Amino acid sequence: MPGGFVVLHSGLLLKADRAEEVLGVLAHEIAHVTRQHTLRNIIESASLYLIVQTFFGDLSGLAAVLADSGAFILQQKFSRTFEEEADKEGLRYLVQARIDPTGFIDFFHKIKEEQDRTILGKATSNLTWLSTHPATEDRILNLKNRIDNLQLQEEFPSLKIHYKKFQADLRRHLQE
């Protein structure tokens, strides 16, 4: 979101089986912020508009684009390149923080299972060339390969979080 805010939806928190899955998603989203993907999308879009306006005149439309950038940002999808970069950088953040990165992969498996359950998800996986995101299977494979290439020598410490209790408390709170 604008300003570098990352918002976690309760659906993510309830779908995950362990905190490492949520932290994998969070690391990915933080990587979008630190790599300035939203800003880069705006600049790329505005740059194209500026080029067109330079040749055809009337820059008043650019002011409208910039004034309406909040809605634009919310509708903007990250490119495959940005998604791959956020996966790679998010994995690096997890390893650096000594958080088990397999949770990141586990959550992608949940996404894949969800995609396989729906007609739209099945169609999307067969039409990856139309998608702004890399195929989920490719993301899982890329993350596994990156983890294998890291040749990690030690185990990751347990986070000692009672995640199931957290989820139960969250469900109770959402029902209030």
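Taking the solvent-accessible surface of protein heavy atoms with a 1.4 Å probe, what is the per residue accessible area of region 77-119 in Å²? Before the final figure, lay out each step's value.
Details: 2280 Å² over 43 residues.
With the other protein chains kept in place, region 77-119 gives 53 Å² per residue.
Using label points projected 7 Å from each Cα along Cα→Cβ, tell me how many nm separate Phe5 and Asp148, to one decimal.
Distance between label points: 4.2 nm.
Using 7 Å Cα-to-Cβ label points, what is the Phe156/Leu170 separation (nm, one decimal)?
1.7
Let's test the formula: R0 of 25 Å, r as the Cβ-Cβ distance of Tyr163 and Asp138. What FRET efficiency results, to the nearest 0.05?
0.35
The values are calculated or read from the model by the stated rules, or taken from the named source; none is laboratory data. These numbers come from a predicted model, not from an experiment. All Cβ positions, even for glycine, are placed from backbone atoms using ideal geometry, and neighbour counts span all protein chains on display. For accessibility, only protein heavy atoms count, side chains too; no ligands or nucleic acids. Shrake-Rupley method; radii C 1.70, N 1.55, O 1.52, S 1.80 Å.
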